[in-house]
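Report on the following structure.
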Amino acid sequence: MRHILALGLVTALASPGPLVLTAAAAPPRTSVSSPLVGIVEGQRAHLTLTHPVNNKKAETCDAVLAFVDDQGRTLKQQAVRIGLGQGTFLALDWSEGATANQRGRLHYRAVVTFGSDACNAAIAGHEMINNADEKTTVFIGVYQE
């Protein structure tokens, strides 16, 4: 019994931080992001999020969909709550973020920040759409936590 007590005492004295009890910190929110890409006048980006049915209890997925520029500044964002089997999207038109110094090209990343463990099976996707004919010109990929 002394060996266990002595080992515990040595561990406590050798620990780098103060011996203070703290409340459990909230787990960090998990984010997924597209690579840096760009759209031009006449295009928009869609960031989609789906919460597929996967035999779990019916929970809602809380997340934040966002577009950020090449400096990490938020161009547009929206908090969403979707149930099992549901999906949603956030659209960013070129005109909502382009400035004169970008010479016609808006560089951005699509970012999804998950707010709860209920989003574990959620799937995010990202596409670029031509405004004139509503056709998807580029599908960037699927991001899953």
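Quick notes on this one:
- Each of Thr99 and Val37 was given a label point 7 Å from its Cα along the Cα-to-Cβ line. The distance between the two points is 2.4 nm.
- Our coupling estimate for segment 41-50, obtained by passing each phi through the Karplus curve with A = 6.51, B = -1.76, C = 1.60 and θ = phi - 60°, is 3, x, 10, 9, 10, 10, 10, 10, 9, 10 Hz, Gly and Pro reported as x.
- Estimated FRET transfer efficiency when R0 is 22 angstrom, pair Asp117-Gln78 (beta carbons, to 0.05): 0.55
- Förster-model FRET efficiency, 22 Å R0, Ala132 and Thr88, C-beta, rounded to 0.05: 0.35
- Amide hydrogen proximity for Ile140: with H placed 1.01 Å from N in the peptide plane, the residues at 5 or more positions away or on another chain lying under 5 Å are His126, Glu127, Met128.
- Between Asn54 and Thr30, the FRET efficiency from the beta-carbon distance, with R0 = 22 Å, is close to 0.80.
- Ser116 - accessible surface, heavy atoms, 1.4 Å probe, Å² rounded to 10: 40
The values are calculated or read from the model by the stated rules, or taken from the named source; none is laboratory data. This is a predicted model, so every value here is computed, not measured. A quick note on method: Cβ atoms are made from the backbone with ideal geometry, for glycine too, and the neighbour counts reach across all protein chains shown. For accessibility, only protein heavy atoms count, side chains too; no ligands or nucleic acids. Shrake-Rupley method; radii C 1.70, N 1.55, O 1.52, S 1.80 Å.
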